[in-house]
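Inspection log for the structure reproduced underneath, given as structure tokens.
No value in this document is a laboratory result; all are computed from the given coordinates. What you are looking at is a predicted structure, and each value in this text was computed from that prediction instead of being measured. Glycine also receives a Cβ, built like all others from the backbone with ideal geometry; neighbour counts cover every protein chain displayed.
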Amino acid sequence: MNSSIHIRPEHKEDIKHISQIIEAAFKDHPHGSHKEHLLVDELRADKALSLSLVAELDGEIVGHIAFSKVTIGGEFDSWYGLAPVSVDPDFQQQGIGSRLIEYGLSELRKREANGCVLVGEPGFYKRFGFEHLDDLIYEGVPDKYFLVLPFTKKIPKGRVRYHNLFETYG
Ligand SMILES: CC(C)(COP(=O)(O)OP(=O)(O)OC[C@H]1O[C@@H](n2cnc3c(N)ncnc32)[C@H](O)[C@@H]1OP(=O)(O)O)[C@@H](O)C(=O)NCCC(=O)NCCS
């Protein structure tokens, strides 16, 4: 793990660089929409980025992670969606993505969130405690890729929905 990595909230001046990193990270992604950078821009414009963090290495931004509100059964109950997380291809496999995820999850817990959901590779995300739970339903992807991490013992049931923009850009 790289100890000179610093995680912090995004600043206005970072926006262009964040967009470039997201676009580069998803360029060759087999299941990506290649619009993930636009999704983040639009969520920001709609004030729907609940948490937007950058990873700096020696003062240079090399990674980014976004969290936004999700509803379960049509209600917001302090659950958030992790999406997307991106690391500059030149800096992947150095623990930066994991640091962003761990930091983001700890920020959500500090804010007394009830849980986090994501669509992703179980092999990667299970190390952070994510798992598939049948009570939380997300349409459009095979069950095993829809992963959840409750922060409390009370786990809601129902259909999970991200911000509408995910339908356009997700
Ligand atoms: C996914 C991503 C953020 C991980 O960042 P990173 O800094 O390379 O990750 P880390 O170095 O912390 O962790 C690397 C580990 O994750 C694993 N990993 C990374 N992507 C993976 C994937 N798609 N499926 C399974 N495992 C994956 C690596 O094999 C490695 O495992 P190891 O620790 O057992 O060797 C980065 O690869 C990326 O930006 N990918 C393109 C965008 C993307 O797929 N985002 C996630 C979907 S929202």
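Could you compute the FRET efficiency for Ala45 and Glu13, with r as their C-beta to C-beta distance and R0 at 22 Å, rounded to 0.05?
Numbers: r = 17 Å, r/R0 = 0.76.
Calculated value: 0.85.
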Compare the Cα positions of Tyr125, Thr168, Phe151 along the charge dipole of the range 51-170 (+1 at Cβ of Lys, Arg; -1 at Cβ of Asp, Glu; about the Cα centre) and return the one farthest towards the positive end.
Phe151
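Taking the mean number of other Cβ atoms within 10 Å as a proxy for protection, how do you rank 118-125, 29-36 from highest to lowest?
The densest-packed peptide leads the list: 118-125, 29-36.
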Nonlocal amide H pairs with Lys69, under 5 Å, H built at 1.01 Å
Ser50, Gly81
As a test, work out the antiparallel percent of DSSP beta bridges whose residues both lie in the range 48-170, rounded to the nearest 5.
80
Taking Lys157 as the anchor, which aspartates and glutamates have their alpha carbon closer than 18 Å to its alpha carbon, excluding any fewer than eight residues away along the same chain?
Glu75, Asp77, Glu131, Asp134, Asp135, Glu139, Asp143
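Only helical DSSP H runs with n ≥ 4 go in: add -39500 (n - 2.57) per run for the chain, normalise by residue count and round the 222 nm mean residue ellipticity to 500 deg cm²/dmol.
Working: 5 runs with 46 residues, N = 170.
That calculation yields -7500 deg cm²/dmol at 222 nm.
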Going by alpha carbons, how many degrees (0 to 90, nearest 10) lie between the helix axis of 96-110 and the longest principal axis of the chain?
50
